[in-house]
Ligand code: FAD
């Protein structure tokens, strides 16, 4: 029946774009998908999860969900939608673990591809001079950690939370306390396998199909679906010394942070966060930090004041404890934190990396995990960070905050500028992450509306004060805003869209491209 309702523009050419003569009702689109010979299957009912994400703000029900078993399931489906011109009706999105914040992994009335059901070959570790692991795009980072550790190896760059998929973080960046040294996760990838918006399966790397490779890394799912990734590894430590110190002066805190990230021999992980109106530095859902002296830490009361916590970690093996301790003492002796606020903890490498999961379990048990999360993540040039902090913490978020606020610098010089990720144009910039949780049905300062208004005020201030801030995990409503976000790199982004997804089938939740190019 497809032939009777579509006009094929060029039936001889594989990549021909066909124009729909009539709009197809959803059930006919679904019927046409079901004619495809797949190893996996489509579901049309009980797809509630595909209309949800961690943000819990947007809920866009799809028409159907594809549960692919093989890469060719994804390729066949996309080819079918592309060649038969279903794209004007049926947008397609890859869904990793659904931990987006603003519906980025959803497609209203479209097709969601459940990447976690993709059964690639097993996670495969390759030892050698440049060790790496080959994984499926739907694999969770926590599984990769456990598998690579069997070989004494691990990826170099992480996110704070590991229950996210490879495709999900690589389409953004993957930033954590190791990024000052190794760059984000997208800088630690040797090769990708991608299914483009035309259904083609392409292997790409820095030397082969490099334009697609760099386009997809940080590309917000716009150019293709990552079905496999080859991730660079390093020898994994067994233990981690985990340290927190406090500052009352922001300028001293940042001076120390910037000093530490400028050193060659420094900590393996450097982050920081803001403490506002809190009793106890343990009062932070983001981590399972359990210092040697919990009483002292538990009694710490910020009492209306703002404090800044510098968080550092040093990796080591049991036989290296002495050298590690000397090195930590030496580094700490050069810092200017409040002397009575030095808190140590020692944990296994896995406990350290999987720290947020411990808190997740606690919050889930209290029903506090699946609340709305109006998060705001910003990348702020070093030269503007003081203006930002003065105005935002001094005026906009004066009284309270609704969750952890991370703040730490990274070295842009160690980041690859060829990927699609846009960052401020300065050698050092800060990640500032407002990880707010809203209380459902509240009308007060912890309500979704209140926090969203605060976020808007922060963004308006950045814009008026011309801080040249970039959003991380960006969210915009119009193409003009996206154009401003990408700045001088917008044209290249559009060209890549034309080349790899000309019908603009992919990842509609970002609202970057609404129609065929
Ligand atoms: P999804 O939400 O399923 O998808 C996200 C986007 O990626 C969508 O646009 C989707 O279409 C696209 N996508 C998914 N899979 C693929 C694929 N295979 N190919 C192409 N595109 C794909 N980020 C950091 O950088 N650092 C952190 O420390 C960090 N901590 C976090 C902690 C928590 C508790 C949460 C909820 C999020 C955190 N994030 C962090 C953000 C997180 O990295 C992103 O939200 C990421 O996209 C989530 O991965 P996911 O697998 O859930 O992706």
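Since every read-out is calculated from the coordinates, none of them should be taken as a lab result. Every value quoted in this text rests on a predicted model; they were computed, and no experiment measured them. When we count neighbours, we look across all protein chains shown, and the Cβ atoms used for this are built from the backbone with ideal geometry, even at glycine.
Our note on the geometry: Cα centres of segment 37-94 and segment 200-264, 29 Å apart. Between residue 323 and residue 28, how high is the FRET efficiency from 1/(1 + (r/R0)^6) when r is the Cβ-Cβ distance and R₀ = 60 Å? Nearest 0.05. It comes to 0.30.
Computed from the C-beta positions of residue 427 and residue 452, the FRET efficiency with R₀ = 30 Å rounds to 0.35.
Gain in length, residue 47 to residue 265, computed as 0.36 nm per residue apart minus the alpha-carbon separation, to one decimal in nm? Mind dumping the intermediate values first?
Details: separation 218, 0.36 × 218 = 78.48 nm, distance 4.98 nm.
This chain segment gains 73.5 nm when fully extended.
Compared with the dominant principal axis of the Cα atoms in the chain, helix 71-83 is inclined by about 60°. Ordered from longest to shortest, the equivalent ellipsoid semi-axes for segment 384-427 are 28, 12, 9 Å, each the square root of 5 times a Cα gyration tensor eigenvalue. The angle between the Cα long axis of helix 490-500 and the main principal axis of the chain comes to about 40°, on a 0 to 90 degree scale.
Using the 10 angstrom Cβ neighbour count as an exposure proxy, how do 501, 354 rank, fewest first? The partial results should precede the final answer.
Values: 501 26, 354 21.
In order of increasing Cβ crowding within 10 Å: 354, 501.
Considering only alpha-carbon pairs that sit under 8 angstrom and 6 or more positions apart, the relative contact order computed for segment 89-179 is 25 percent.
Ranked by the mean number of other Cβ atoms within 10 Å of their residues, highest first, the peptides 253-259, 359-365 come out as 253-259, 359-365. Distance between the 7 Å Cα→Cβ label points at residue 88 and residue 69: 3.6 nm.
Plainly put, the chain has a radius of gyration that is 0.98 times its Kirkwood radius, both from alpha-carbon atoms, as the Rg/Rh ratio.
Annotation: peptides 48-56, 339-347, ranked by per-residue average of other Cβ atoms within 10 Å with the highest first, follow the order 48-56, 339-347. Taking segment 383-426 and a reference point 7 angstrom along Cα→Cβ of residue 445, the backbone N atoms nearer than 16 Å belong to 392-405. Given R0 = 60 Å, the distance between the Cβ atoms of residue 386 and residue 151 translates into a calculated FRET efficiency of 0.85. Taking the convex hull of the alpha carbon positions in segment 385-511 and averaging its projected area over all directions gives 9.4 nm².
Cα centroid separation, segment 426-497 to segment 396-418: 12 Å. You can think of it this way: the chain between residue 476 and residue 333 has 47.0 nm of extra reach, that is 0.36 nm per residue less the Cα-Cα gap.
Fewest-first ordering of 517, 324 by other beta carbons within 10 Å of each residue's beta carbon gives 517, 324.
Considering every pair of different Cα atoms, what Kirkwood radius, in Å, is found for segment 97-181?
Numbers: mean 1/r = 0.0707 Å⁻¹.
For segment 97-181, the Kirkwood estimate is 14.1 Å.
Percent relative contact order of segment 422-517, based on C-alpha pairs within less than 8 angstrom and at least six residues apart? Intermediate values should be presented prior to the final figure.
Values: 57 pairs, mean separation 19.5, N = 96.
For segment 422-517, the relative contact order is 20 percent.
What does the extension gain come out to for residue 489 and residue 342, with contour length at 0.36 nm per residue minus their alpha carbon separation?
Values: separation 147, 0.36 × 147 = 52.92 nm, distance 4.37 nm.
Full-extension gain reported as 48.5 nm.
With the simple model of a label 7 Å out from the Cα in the direction of the Cβ, residue 305 to residue 255 spans 1.8 nm. With respect to the chain, whose longest principal axis is taken over its alpha-carbon atoms, helix 448-464 is tilted by about 80°.
For n ≥ 4 DSSP H runs only, could you compute -39500 (n - 2.57) per run for the chain, divide by its residues and tell me the 222 nm figure to the nearest 500? Before the final figure, lay out each step's value.
Working: 16 runs with 142 residues, N = 517.
Roughly -7500 deg cm²/dmol at 222 nm, from the helical runs in the chain.
Each listed q (0.10, 0.19 Å⁻¹) maps to a log10 I(q)/I(0) for segment 21-161, found by the Debye formula over equal Cα scatterers with no solvent: -0.41, -1.09.
Would you mind classifying segment 152-207 by shape? Square roots of the alpha carbon gyration tensor eigenvalues, ordered a ≥ b ≥ c; an a/c under 1.5 is rounded, otherwise it is prolate if a/b is larger than b/c and oblate if not.
On the way: a/c = 2.30, a/b = 1.78, b/c = 1.29.
Taking the square roots of the gyration eigenvalues as a ≥ b ≥ c, segment 152-207 is prolate.
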